[in-house]
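J.: Here's a structure for you.
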Amino acid sequence: MANGPRLIVVEPNGARRDVVISAFPFRIGRQAGNELTLRDSRVSRHQAQIVSLGGKLVLEDSGSSHGTFVNGARIERHELKPSDRIDFGVSDSYQLTYIGEGATIEELVERIEAPAPDAAGTRELHHLGVLLEVARTLGSGLSLEDVLAVVLDAAISVTRTEKGVLLLKNAAGEMEPLVARNAQRGILRPEEVPVSQGVVRRVVNSRRELIVGEQSSSAGSSETLRDSSIARLELHTVVAIPIDKLPVIEALDVTIAARQTELLGILYLDSRAASSTFTALDREVLRSLAREAATVVENARLFSAARAKARLDHEIEIASGIQQRLLPKKLPALPSVAVAGSTLACHSVGGDCFDVIELGGGRHGFFVGDVSGKGISAALLATLLQGIFFTTASTDIPLPNVFARVNKYLCERSGDDRYATVFYGVLDEAGHFEYVNAGHVPPMILRRSGEIEALGSGNLPVGMFDEAEFSSASAKLEPGDFLVIYTDGVSEAANVHSELFEEHRLRAVLAEFTGKNVEEIAEAIRRGIKAFTAGAPQSDDITILAVQYKGQAKGAPAGIPS
């Protein structure tokens, strides 16, 4: 019988245990780290505490949700007396009985009436109670560590070992201790609990359970007991059960195949005391506990992965919103020029960008960029490219100098495998158009006459070589001409047969165009791509910037001259 004041703890499954009140304040609640942890989600994290005042023990409620009750009455503070019964305002939960320095007559009667540990059928009932407690805990909403602690407590109870450790495989593939407990359900520091590494290695390699002891008949038990780490730790009983991910059944055409399961961890228990023979029931209960641990770990992994994905989706949504806000909010619609632009990302965020830069004197710069790659990394570089290009081009220096500065900036700040194709040109009111094509797909000029011209490239993409040089070219736009700048998401749009849209189909769309404004020509291109791909998934970002040159304004009404 333990010395000092203590509590008889009756668990929801009927199991009983003695807990010595050995420290003050003696905290009671759901949260791990309390002196008495009650694994019931309805119990508050900090339910109550026992304090010592003037040599007397006083129970204090800690602002719990459902209250603390003594002998059926709710209390805030209560001086404990032997045989006081304590509960926590919820049915089918823990019940405590306070026992003073010595055992009461009631306690002695209860112990006499309790069946002997080895009575016939008692072991089966004990194991059933253990499994019921674990099953109840699985639905309690406790943390991963708390639920695994219950599984570990149950395994220690079944094996009657001194301590246990639950090891889980980490990202490096090594077995790392996560939870450690002793036979009194006390918390141990996992990293400080010695474990037989020889046993762990054997279970990892064989993927089979290892239950050995002085009276065990397990195959290889005598050899295992001679393991150097077991001898050094003076162990007489060692139990190690692999925790395998539940098997996955696959159907391949008409063949059903079971995929090799993944080893998630090991349920490890040991004792310096000799064990009795482990029965078939003991082994089956231990396997059941290992399966429950596997379920808990796998569910935690899935939940963690789901939360990580939700967090990533939220961050991508924010990035997409920022990227959309960086696009021009208003495009020119002037007597001399009108502009329509759109971008459709292949994923939530894209590597395409465009902008229109007002330079004064009726001049406008038209920029379209396409960063190599897709996804978040491409989107980040596209945002950087758009910002640095707008800032540099707004200084209105010669176009080759704009590209030289942007190229140098990107070469210094992006990886070797990251570059961008860029087209940028400046149009004045008289229709003079100077441009630089840095590795970009050739923009198209649709003349009023129906002739189509391509503005090819004689330069390298930006961000590829820091010593690259750039040269500009020029074209003359006449009133009624359209300029279409686009990214390779247009020409490389693929249908279900993996055929590409290509430049000749874009030319065909332009040749058949009979509309009057930039919105119509941009929509005609989008319709042409949609009709060609016919539902095939989009494989790249699609950006279109359409410019209509109307002629130099001289007080005449806006529109295309007749």
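The values are calculated or read from the model by the stated rules, or taken from the named source; none is laboratory data. All of these numbers come straight from a predicted model, not from anything done at the bench. Every residue, glycine as well, gets a Cβ built from its backbone with ideal geometry; the counts of neighbours run over all protein chains shown. When the accessible area is computed, the model is the full protein with side chains, heavy atoms only, and any ligands, DNA or RNA have been set aside. Shrake-Rupley method; radii C 1.70, N 1.55, O 1.52, S 1.80 Å.
J.: Do you know which residues across region 196-213 are assigned to a strand (DSSP E or B) and not β-branched (Val, Ile, Thr)? Show your work before the answer.
T.: Going through region 196-213, the residues assigned to a strand (DSSP E or B) turn out to be 210-213.
Once the filter is applied, which keeps residues that are assigned to a strand (DSSP E or B) and not β-branched (Val, Ile, Thr), region 196-213 yields Leu210, Gly213.
J.: Now a separate question. For Glu145, state whether it is at pLDDT below 90, within 29 Å of Val10 (Cα to Cα) and surrounded by fewer than 22 Cβ atoms within 10 Å (Cβ to Cβ).
T.: Numbers: at pLDDT below 90: yes; within 29 Å of Val10 (Cα to Cα): yes; surrounded by fewer than 22 Cβ atoms within 10 Å (Cβ to Cβ): yes.
For Glu145, the condition - at pLDDT below 90, within 29 Å of Val10 (Cα to Cα) and surrounded by fewer than 22 Cβ atoms within 10 Å (Cβ to Cβ) - is met.
J.: Need pairs with beta-carbon distance below 8 Å; first residue under 17 Å from Thr237 (Cα atoms) and open to solvent by less than 50 Å² (accessible area, probe 1.4 Å) and within region 153-175, second of a type in the set (Lys, Arg) and part of a strand (DSSP E or B); sequence gap 6+ or separate chains.
T.: Asp153/Arg181; Ile156/Lys163; Ile156/Arg181; Lys163/Arg181; Gly164/Arg181
J.: Additional query: Return the residue satisfying two criteria in turn: it lies in region 289-307 and is farther than 15 Å from Glu262 by Cα and either among the hydroxyl-bearing types (Ser, Thr, Tyr) or open to solvent by less than 40 Å² (accessible area, probe 1.4 Å) (or both), and of such residues it is modelled with the lowest pLDDT.
T.: Ser304
J.: Oh, and also: I'd like the full set of residues that are assigned to a loop (DSSP other than H, G, I, E, B), within 41 Å of the chain's Cα centre (by Cα) and touching a residue at least 60 places away in the same chain (Cβ under 8 Å), limited to region 45-100.
T.: Residues of region 45-100 assigned to a loop (DSSP other than H, G, I, E, B): 45-47, 54-55, 62-67, 71-72, 76, 80-84, 88-94, 100.
From what is left, the residues that are within 41 Å of the chain's Cα centre (by Cα) are 45-47, 62-67, 88-94.
Within region 45-100, Asp92, Ser93, Tyr94 meet the criteria.
J.: Using beta carbons and a limit of 7 Å, which pairs, at least six apart or on different chains, have the first residue in region 20-35 and without any contact (Cβ under 8 Å) to a residue 40 or more places away in the chain and the second one of a type in the set (Ser, Thr, Tyr)?
T.: These pairs meet every condition: Phe24/Ser52; Gly29/Ser44.
The rows are residues; the columns are (1) open to solvent by 40 Å² or more (accessible area, probe 1.4 Å); (2) farther than 29 Å from Leu334 by Cβ; (3) not in a loop (DSSP other than H, G, I, E, B).
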| site | (1), (2), (3) |
| --- | --- |
| Arg448 | yes, no, no |
| Ser457 | yes, no, no |
| Glu467 | yes, yes, no |
| Pro479 | yes, no, no |
| Ser498 | yes, yes, no |
| Glu503 | yes, yes, yes |
| Ala508 | yes, yes, yes |
| Ile525 | no, no, yes |
| Gly528 | no, no, yes |
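J.: Another question, then. Restricting attention to region 365-374, report how many residues are open to solvent by 10 Å² or more (accessible area, probe 1.4 Å) and either assigned to a strand (DSSP E or B) or within 15 Å of Gln324 (Cα to Cα) (or both).
T.: Applying the first criterion (open to solvent by 10 Å² or more (accessible area, probe 1.4 Å)) to region 365-374 yields 370, 372-374.
After this cut, where a residue has to be either assigned to a strand (DSSP E or B) or within 15 Å of Gln324 (Cα to Cα) (or both) as well, the list is 370.
Adding up the residues that qualify gives 1.
J.: List the number of the failed condition for Arg325; all other conditions in (1) over 25 Å from Gly431 (Cα atoms); (2) among the charged types (D, E, K, R); (3) at pLDDT 80 or above hold.
T.: (3)
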